[in-house]
Amino acid sequence: MSENTEFGSKLGLIAATVGSAIGLGNIWRFPAEVQSNGGAAFLLVYIICLFVLGIPVMLAEFSIGRGGRGDAISSFTNIVPGTRWRAVGALAILATYLIMAFYMVVTGWTLEYLWFSITGELYQGATVSNASDIFGARMNDYLHTDAAPIIASCLVIFINIGVLLGGVQKGIEKLSNLLMPILFIILVGLCCVSLSLPGASEGIKFFLKPDFSVINGEVLVSGLGQAFFSLSLGMGILITYSAYYPAHTRLTQTSVIVSLVSLFVSVLMGFIIFPAVTSFGLGGESLAGETLVFATLPEVFLRMPATRIISALFFLLLFVAALTSTVSTGEVAVAYLRDHFKMKRTRAVIISLLPLTLCSAVCALSLGSMPQLQIMGKSIFSFLDNITTQFMLPIAALGGSLFIGWRAPRSILMGQLTNGGTMKSGFAHIALWLIRIVAPAGIITVLLWPVIKDLF
Ligand code: PHE
């Protein structure tokens, strides 16, 4: 019996962590990054970053959370009282907030596409022969209507507020755990359809046959950023989650499973999108970015039976996957405000989420009818995406690894990695070395690559 309950709780724990990790990062952002960073070479960089840097950083964050048993900031000070390293936690929370601003916009698109699928508007007049023009144009038109994308992202924020106020986030998580297997099945189905398209092999070549000459500083830092974004690293989320892990949870095993599941979903998306892109001849510059998935997937749906039903189901599931990520993140902010400022729940929810409506509206407009909303030559949407994933997440991840590896008493990290000495320490010594040396050195090398490369 006790075996069963232990298994149950372990699965629940991994499911919750996977639930927060799997989201738009894998399904929407990954294909777009592969597309704009030269294909297979990016995939390779991403996989190396995931395993060599992502897993050690995840272990570091788990150790901070379970060792400190607090939120993203107080976990640091619980381990070393009064430490300035708590700034790392603050940076992570700030990064997550900025990510939310554009994440809500994309979640709004999934909601809108769910609606378009139900009403049939998305597929109106689309046939297999004219589809590639139609879906690209539809996404563009949609982005350039002032109100619709803003309304959609505000709606998403209000749904988040409702869930957090109603205290039903556990319910959403359960729902998501129930629905995620269906999402996997749909993804596998889409993958089969895509792979059987005429000309699919070109897309597979783009996705799997690396052209090493395209690897430059930009590709390296994008791969690192994508690995961290998709694993929710440097966001303070995993620190907060692992504070609730029981003492016997095997951190290493958990981090490997979470990373493998995340990689699996991303790669599946690659096998869906790129055969479709080459087969339909999409792939033009205008589709290289954020809109890629939204313009390509409907084409694949069009070639399946029951197009509208599958399409609606897919966007519904994607919406739920995104919602579990945003709600769990919202809860992190709310918990922080309640603990530190003794705020009432309602107030904490409103204060943390309401300003996001404005930020998201600005992001949405910068992609659509107000392209002049730019910072350093990029739309505000892309600017926030770049500055968080390529700069803030890696720095926060670096800070976390340095803190637990060097600043915190060594016994804390060793204790976490061996579950208080109850597990063999052989692997823990390797992990210790990965956290102290390999992860920090790797992150610094990638961030400083443009400078380092000129030294040789
Ligand atoms: N890993 C998440 C994803 O892929 C990233 C994320 C988590 C973003 C929580 C926002 C909030 O979608």
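The values are calculated or read from the model by the stated rules, or taken from the named source; none is laboratory data. It should be emphasised that the depicted structure is a prediction, and the values quoted were computed from it without experimental measurement. Cβ coordinates were reconstructed from backbone atoms using ideal geometry, including for glycine residues, and neighbour counts include every protein chain displayed. For accessibility, only protein heavy atoms count, side chains too; no ligands or nucleic acids. Shrake-Rupley method; radii C 1.70, N 1.55, O 1.52, S 1.80 Å.
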Tell me the carbon and sulfur percent of the accessible area for the chain, rounded to whole percent, probe radius 1.4 Å. 68 percent
The stretch 97-250 - Rg (one decimal) and Dmax (whole number), Cα, Å: 19.9, 58
Calculate the FRET efficiency for Arg410 and Leu354 from the Cβ-Cβ distance with a Förster distance of 56 Å, rounded to the nearest 0.05. 0.80
Helix 251-280 vs. the chain, principal-axis angle (Cα, 0 to 90°, nearest 10): 10 degrees
Test of understanding: what is the full-extension gain from Arg84 to Met376, defined as 0.36 nm times their sequence separation minus their Cα-Cα distance? 102.0 nm
Packing-based order for 25-35, 59-69, using average beta carbon neighbours within 10 Å, highest first: 59-69, 25-35
What is the stretch 298-388's relative contact order, in percent, from Cα pairs under 8 angstrom and six or more apart in sequence? 13 percent
In a Debye calculation with equal point scatterers on the alpha-carbon sites of the chain and no solvent, what is log10 I(q)/I(0) at q = 0.06, 0.10, 0.14 Å⁻¹? -0.25, -0.71, -1.40
Estimated [θ] at 222 nm from DSSP helical runs (n ≥ 4, -39500 (n - 2.57)) normalised by residues in the chain, nearest 500: -23500 deg cm²/dmol
Using only Cα atoms, tell me the angle between helix 147-166 and the longest principal axis of the chain; keep it within 0 to 90° and round to the nearest 10. 40 degrees
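Counting each pair of different Cα atoms once, what's the Kirkwood radius of the stretch 35-115 in Å, rounded to one decimal? Kindly include the intermediate steps, with their values, before the conclusion.
Values: mean 1/r = 0.0645 Å⁻¹.
With all distinct Cα pairs of the stretch 35-115 included, I get 15.5 Å.
Highest mean first, how do 121-127, 443-449, 363-369 rank when packing is the count of other Cβ atoms within 10 Å averaged over residues?
Numbers: 121-127: 15.1, 443-449: 17.6, 363-369: 23.0.
Highest to lowest by the protection proxy: 363-369, 443-449, 121-127.
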Lysine pairs with alpha-carbon atoms under 25 Å apart, the chain, spacing 8 or more or separate chains: 6
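Largest first and in whole Å, what are the equivalent-ellipsoid semi-axes of the stretch 347-456 based on the Cα gyration tensor, each being the root of 5 times an eigenvalue? Working shown, then result.
Numbers: eigenvalues 300, 104, 17 Å².
Here the semi-axes work out to 39, 23, 9 Å.
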Taking a probe of 1.4 Å, how large is the accessible area per residue of the chain, in Å²? 40 Å²
The stretch 184-288 - Rg and Dmax from Cα coordinates, angstrom: 17.5, 53
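For the chain, calculate the relative contact order in percent as a whole number, restricting contacts to Cα pairs under 8 Å that are 6 or more residues apart.
Details: 657 pairs, mean separation 155.6, N = 456.
Over the chain, the number comes to 34 percent.
Using alpha carbon coordinates only, what is the Rg to Rh ratio of the stretch 140-213, with Rh defined as the Kirkwood radius?
Numbers: Rg = 19.5 Å, Rh = 16.6 Å.
Value, to two decimals: 1.18.
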